[in-house]
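Working notes for the structure below.
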Amino acid sequence: MSSWRKLAVAAIAAACIPAALGFAADKGPLRLGTTPTAAQVEGWAIAVRPDGQGLPAGSGSVKDGDELYANVCASCHGTFGEGVGRYPRIAGEGKLTGDRPEQTVQTYWPYATTLFDYINRAMPFPSPHVLPPDQVYAVTAYVLNLNSLVDDDFVADRNTLPKVKMPNREGFNWIDPRPDTHDAACMSNCRPAADVKVSQTAEGKTLTPRTTGPLDTAMPQ
Amino acid sequence: MAEQPKEQLRTAPSSDRRRLLRTGMGAGVAAFAVAASGRARADDPSPPADPDWSQSLGPGIGDRVYGNPSHFEKDVIRRNVPWLTANAESSISFTPLQYQQGIITPSSVFFERYHAGRPTVDPAQHRLMVHGMVDRPLLFTMDDIKRFPSESRIHFIECPANGGMEWRAPQLNSLQYTHGMIGCAEWTGVKLSTIFAQTGLKPGAKWVLAEGADGAHMARSIPLDKMLDDVLLVYAQNGEALRPEQGYPVRLVVPGWQGNVNIKWIRRLQIGDEPWYTREETSKYTELMADGKARGFTWPIYAKSVITFPCPEMPAKGPGIYEIRGLAWSGLGKVKQVDVSLDGGINWTTARLHGPILPKALTKFTMEWRWDGSPALLQSRAMDETGFVQPTLTELRAVRGTNAIYNNNSIQTWQVKPDGSVFNVQLA
């Protein structure tokens, strides 16, 4: 068991004893902070879970999302979600193996709810938090449709989104398997000298920006 | 003037200098110009015993109300790799580790990672909300946060993508670009356990969503155990207020865990019984293995080290004596030992560790090196107090393939050529 896991277990044990949570239990509450109003909590608590907790009222269809996507999203993500320049490709088929794995909403994202959460919290990139819930639902529905994950008549809302079947739902291991390498520290004659060869070098490659003088702005973004 | 006789003893005093003497104390700026123009040439066989800057009055106090490094140190800046990202607002810059002496990264050059640019947060208007599975939801001002009992600790923060460009092949010939997504600082703030003692926690509470006030409302799910263990709500770095780059006015520091969970400009902590599986912990910051399956929630930074001298930016200058210098760190605790190899990992010598040796902090190591000018393959290998040993890249690839991007904590090889130049290489 790694040390942080041991510490974590210790912390859980400590958390079960109220007095261990802090000095406050001994000396009374510090009375710092105020109680947020229900409206404040409602306005701030934007996080959405896979079971739908946090999804707001409202709805949006694939059809509603079509024009919105074209106006708001396509300049970076492409008309078909293919990605423009270095902006992320978000739609389409592909494999997660090989030299160029294709991590799209269809191939990689485990939960459709995450799409709503992310569009709502961070998009559109230059002017986030301008889309009302109905429009976030509509763009979410449209992107799911671009990824062939829902039909053309799909309407996204707090009931339908958690039920969308995502192909890579079981593609993640959420338990850290490390350490996954050896723990031996050989000190001498660790490998035959004949085996120690430079196989690859960064020498001569033109990928390294300038390392002296002012910031390198000649290299394209 | 009393100084005049002494002045006449010197050969050819410059007219600038005479004028300076005449104009007296008001000439701070002129004195600075004289010092700059009077630099000794590097090839001067006999530098002046008393250079211009010794013969003049320097600027007085008040012209540098917030100090800067010497202008001779102009190369020491954060740099970035433009081709890595689509824009500068969702991007990363790199700490100039080749210049870092000791374990503290100056706040001015501590690497930056933004997901929606660097917000300008007004501390008077900023609030932190703590709610969810708590007995008493609370809204804190910055004044409230600073009134809690405080805690100062030294920890590194490393982006798990540090070295992520090197999985397939060496790409960047530079220490700054291969290892610069890290910095180490003294952080001051409040223990999260202190905050949660105020709100109380409901039975079944297991996870905390931490969310930033930036345009991306950057959000990560963090286990409550970790929060209660050693996480800090931080408002100061290296003795001063946090820099805007580092989350002003308040951020999380999650000791030893990957950079992106150390939420900056933090505005909200929601307590729940399940993780949220945000975009940053599903689509991003997960590691794709060779078989197409992915690892998620791989938070701790495992033991890692790198030689900071020599390195591609800091070559050797001919045979002779050198001090090999480097930094080692582990997100699991203290660095216990660092070994250095000069021959690409055939033989190793244990390096000297310099104090303070702190858990989840950068640790300095050095080793004397008498270089005879023959080719060398320099490596360092860290071991932490859990017994974990830093692996080779070959070992990591065998287990994880080359698509993982994150958590490359492999041994770095610097190739030293007979002319002293240093290159980033990988070994067969």
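The values are calculated or read from the model by the stated rules, or taken from the named source; none is laboratory data. Because the structure is a prediction, the values reported are computed rather than measured. Virtual Cβ from ideal backbone geometry, glycine too; neighbours counted across all protein chains shown. We work out accessible area using only protein heavy atoms, side chains counted, and drop any ligands, DNA or RNA first. Shrake-Rupley method; radii C 1.70, N 1.55, O 1.52, S 1.80 Å.
Can you pull out the residues in the range A:116-128 that are open to solvent by less than 30 Å² (accessible area, probe 1.4 Å), aliphatic (A, V, I, L, M) and more than 8 Å from every other protein chain (Cβ to nearest Cβ)?
A:Ile119
Checking the condition in a loop (DSSP other than H, G, I, E, B) and under 22 Å from B:Ala361 (Cα atoms), which residue from B:Lys284, B:Lys264 passes? Spell out how you get there, then give the answer.
Details: B:Lys284 fails: under 22 Å from B:Ala361 (Cα atoms).
Selected residue: B:Lys264, the only one of B:Lys284, B:Lys264 that is in a loop (DSSP other than H, G, I, E, B) and under 22 Å from B:Ala361 (Cα atoms).
Which condition from (1) assigned to a loop (DSSP other than H, G, I, E, B); (2) open to solvent by less than 40 Å² (accessible area, probe 1.4 Å); (3) away from every other protein chain (no Cβ under 14 Å) is the one that A:Leu131 breaks?
(3)
A quick yes/no check of all residues on (1) under 30 Å from the mean Cα position of the chain (by Cα); (2) aliphatic (A, V, I, L, M); (3) within 30 Å of A:Gly83 (Cβ to Cβ):
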{"residue": "B:Ala49", "(1), (2), (3)": "no, yes, no"}
{"residue": "B:Gln55", "(1), (2), (3)": "no, no, no"}
{"residue": "B:Pro59", "(1), (2), (3)": "no, no, no"}
{"residue": "B:Val65", "(1), (2), (3)": "yes, yes, no"}
{"residue": "B:Asn68", "(1), (2), (3)": "yes, no, no"}
{"residue": "B:Lys74", "(1), (2), (3)": "yes, no, no"}
{"residue": "B:Ile77", "(1), (2), (3)": "yes, yes, no"}
{"residue": "B:Val81", "(1), (2), (3)": "yes, yes, yes"}
{"residue": "B:Ala86", "(1), (2), (3)": "yes, yes, yes"}
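Looking at this structure, is A:Asp153 touching a Ser or Thr at 6+ places or on another chain (Cβ under 9 Å), touching a residue at least 12 places away in the same chain (Cβ under 8 Å) and among the charged types (D, E, K, R)?
Values: touching a Ser or Thr at 6+ places or on another chain (Cβ under 9 Å): yes; touching a residue at least 12 places away in the same chain (Cβ under 8 Å): yes; among the charged types (D, E, K, R): yes.
Judged against the criteria, A:Asp153 is a match.
Kindly provide the set of residues from the range B:394-428 that are more than 7 Å from chain A (Cβ to nearest Cβ) and either assigned to a strand (DSSP E or B) or acidic (Asp, Glu) (or both), ordered by number. Explain how you work it out, then say what you get.
So the first thing to find is which residues in the range B:394-428 are more than 7 Å from chain A (Cβ to nearest Cβ), and the list is B:394, B:397-398, B:400-402, B:404-414, B:416-422.
Within the range B:394-428, B:Thr413, B:Trp414, B:Val416, B:Asp419, B:Val422 qualify.
Consider B:Ser91 carefully, then state whether it is closer than 30 Å to B:Leu327 by Cβ and either within 19 Å of the chain's Cα centre (by Cα) or at pLDDT below 95 (or both). Quick ask: steps written out before the conclusion?
On the way: closer than 30 Å to B:Leu327 by Cβ: yes; either within 19 Å of the chain's Cα centre (by Cα) or at pLDDT below 95 (or both): yes.
Yes; evaluated as a whole, the condition is true for this residue.
So in the range A:174-221, with the set limited to residues that are among the polar types (S, T, N, Q) and surrounded by 14 or more Cβ atoms within 10 Å (Cβ to Cβ), which one is nearest to the chain's Cα centre (by Cα)?
Going through the qualifying residues, I end up with A:Gln221.
With the checklist (1) at negative phi; (2) open to solvent by 50 Å² or more (accessible area, probe 1.4 Å) in hand, flag the one item A:Gly171 doesn't pass.
(2)
Would you please list the contacts, defined by Cβ atoms under 7 Å and residues six or more apart or on different chains, that run from a residue in the range B:189-215 that is more than 11 Å from B:Phe148 (Cα to Cα) to a residue that is among the basic types (Lys, Arg) and open to solvent by less than 20 Å² (accessible area, probe 1.4 Å)?
Listed pairs, sorted by first residue: B:Ala210/B:Arg220; B:Glu211/B:Arg268.
Kindly check whether there is at least one residue in the range B:274-282 that is open to solvent by less than 10 Å² (accessible area, probe 1.4 Å) and either of a type in the set (A, V, I, L, M, F, W, C) or outside the structural domain of B:Gly204 (by TED's automatic domain parsing) (or both).
Yes, because at least one residue in the range B:274-282 is open to solvent by less than 10 Å² (accessible area, probe 1.4 Å) and either of a type in the set (A, V, I, L, M, F, W, C) or outside the structural domain of B:Gly204 (by TED's automatic domain parsing) (or both).
To keep it simple, each residue is scored yes or no on (1) over 24 Å from B:Gly256 (Cβ atoms); (2) free of Cβ contacts under 8 Å to residues at least 24 places away in the same chain; (3) open to solvent by 10 Å² or more (accessible area, probe 1.4 Å); (4) at the interface with chain A (Cβ under 10 Å from one of its Cβ atoms).
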| site | (1), (2), (3), (4) |
| --- | --- |
| B:Trp329 | no, no, no, no |
| B:Asn347 | yes, yes, yes, yes |
| B:Thr350 | no, yes, yes, yes |
| B:Ile357 | no, yes, yes, no |
| B:Val389 | no, no, no, yes |
| B:Thr392 | no, no, yes, yes |
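For the range B:116-137, what are the residues that are in contact with a helix residue (DSSP H, G or I) (Cβ under 7 Å, 6 or more places away or on another chain) and either under 16 Å from B:Asn262 (Cα atoms) or not in a strand (DSSP E or B) (or both)?
So the first thing to find is which residues in the range B:116-137 are in contact with a helix residue (DSSP H, G or I) (Cβ under 7 Å, 6 or more places away or on another chain), and the list is B:116, B:118, B:120, B:123, B:126, B:128-131, B:134-137.
Residues satisfying the conditions are B:Ala116, B:Arg118, B:Thr120, B:Pro123, B:His126, B:Leu128, B:Val134, B:Asp135, B:Arg136, B:Pro137.
Does B:Leu377 satisfy the criteria of being crowded, with 16+ Cβ neighbours inside 10 Å and closer than 24 Å to A:Pro192 by Cα? Show your work before the answer.
Working: crowded, with 16+ Cβ neighbours inside 10 Å: yes; closer than 24 Å to A:Pro192 by Cα: yes.
Spelling it out, B:Leu377 is indeed crowded, with 16+ Cβ neighbours inside 10 Å and closer than 24 Å to A:Pro192 by Cα.
Scan the range A:85-112 for residues that are in contact (Cβ under 8 Å) with a residue 40 or more places away in the chain, hydroxyl-bearing (Ser, Thr, Tyr) and within 8 Å of chain B (Cβ to nearest Cβ) and report the count.
2
Go through the range B:91-100 residue by residue and tally those that are in contact with a Lys or Arg (Cβ under 9 Å, 6 or more places away or on another chain) and either assigned to a loop (DSSP other than H, G, I, E, B) or on the phi > 0 side of the Ramachandran plot (or both). Give the steps one after another, and end with the answer.
We begin by selecting, within the range B:91-100, every residue in contact with a Lys or Arg (Cβ under 9 Å, 6 or more places away or on another chain); these are B:91-96.
Add one more test, that the residue is either assigned to a loop (DSSP other than H, G, I, E, B) or on the phi > 0 side of the Ramachandran plot (or both), and what stays is B:91, B:93, B:95-96.
Qualifying residue count for the region: 4.
Among the residues of the range B:286-296, what is the count of those that are under 22 Å from B:Gly256 (Cα atoms) and either open to solvent by 10 Å² or more (accessible area, probe 1.4 Å) or acidic (Asp, Glu) (or both)?
2
Would a scan of the range A:61-72 turn up a residue that is within 9 Å of chain B (Cβ to nearest Cβ), surrounded by 19 or more Cβ atoms within 10 Å (Cβ to Cβ) and closer than 19 Å to A:Asn159 by Cβ? So that I can check it myself, show each step before the final result.
Let us first name the residues in the range A:61-72 that are within 9 Å of chain B (Cβ to nearest Cβ), namely none.
Within the range A:61-72, none of the residues are within 9 Å of chain B (Cβ to nearest Cβ), surrounded by 19 or more Cβ atoms within 10 Å (Cβ to Cβ) and closer than 19 Å to A:Asn159 by Cβ.
Checking B:Pro315 against (1) open to solvent by 10 Å² or more (accessible area, probe 1.4 Å); (2) within 30 Å of A:Gly204 (Cβ to Cβ); (3) touching a helix residue (DSSP H, G or I) at 6+ places or on another chain (Cβ under 8 Å), only one condition comes out false. Which one?
Going through (1) open to solvent by 10 Å² or more (accessible area, probe 1.4 Å); (2) within 30 Å of A:Gly204 (Cβ to Cβ); (3) touching a helix residue (DSSP H, G or I) at 6+ places or on another chain (Cβ under 8 Å) one by one, B:Pro315 breaks only (3).
Test B:Ile103 against the criterion of being part of a loop (DSSP other than H, G, I, E, B) and open to solvent by 40 Å² or more (accessible area, probe 1.4 Å), and give yes or no. Quick ask: steps written out before the conclusion?
On the way: part of a loop (DSSP other than H, G, I, E, B): yes; open to solvent by 40 Å² or more (accessible area, probe 1.4 Å): no.
Against the criterion (part of a loop (DSSP other than H, G, I, E, B) and open to solvent by 40 Å² or more (accessible area, probe 1.4 Å)), B:Ile103 does not qualify.
Name every residue in the range B:278-329 that is in contact with a Cys (Cβ under 9 Å, 6 or more places away or on another chain) and of a type in the set (Phe, Trp, Tyr), in order of residue number.
B:Trp329 - this is the single residue of the range B:278-329 that is in contact with a Cys (Cβ under 9 Å, 6 or more places away or on another chain) and of a type in the set (Phe, Trp, Tyr).
With respect to A:Asn159, determine if the residue is loosely packed, with under 14 Cβ neighbours inside 10 Å and in contact (Cβ under 8 Å) with a residue 24 or more places away in the chain. Reasoning before the result, please.
On the way: loosely packed, with under 14 Cβ neighbours inside 10 Å: yes; in contact (Cβ under 8 Å) with a residue 24 or more places away in the chain: yes.
Against the criterion (loosely packed, with under 14 Cβ neighbours inside 10 Å and in contact (Cβ under 8 Å) with a residue 24 or more places away in the chain), A:Asn159 qualifies.
Sort out for me the helices (runs of 4 or more DSSP H) sitting completely within the range B:138-249 that have 2 or more residues that are crowded, with 22+ Cβ neighbours inside 10 Å and not β-branched (Val, Ile, Thr). Write out each step before concluding.
Details: elements: B:142-147, B:175-179, B:192-199, B:224-230.
Here the list reads B:175-179, B:192-199, B:224-230.
When only residues in the range B:359-387 that are of a type in the set (S, T, N, Q) and in contact with a His (Cβ under 9 Å, 6 or more places away or on another chain) count, which is nearest to the other protein chains (Cβ to nearest Cβ)? Break it down stepwise before answering.
Here is the first cut: in the range B:359-387, the residues of a type in the set (S, T, N, Q) are B:363, B:366, B:374, B:379-380, B:386.
This time we only want the ones that are in contact with a His (Cβ under 9 Å, 6 or more places away or on another chain), so: B:363, B:366.
Values: B:Thr363: 16, B:Thr366: 18 Å.
For the range B:359-387, the residue satisfying everything is B:Thr363.
For the range A:134-164, give me each residue that is in a strand (DSSP E or B) and of a type in the set (D, E, K, R). Explain how you work it out, then say what you get.
Initially, the range A:134-164 is screened for residues in a strand (DSSP E or B), giving A:155-157.
Answer for the range A:134-164, where residues must be in a strand (DSSP E or B) and of a type in the set (D, E, K, R): just A:Asp157.
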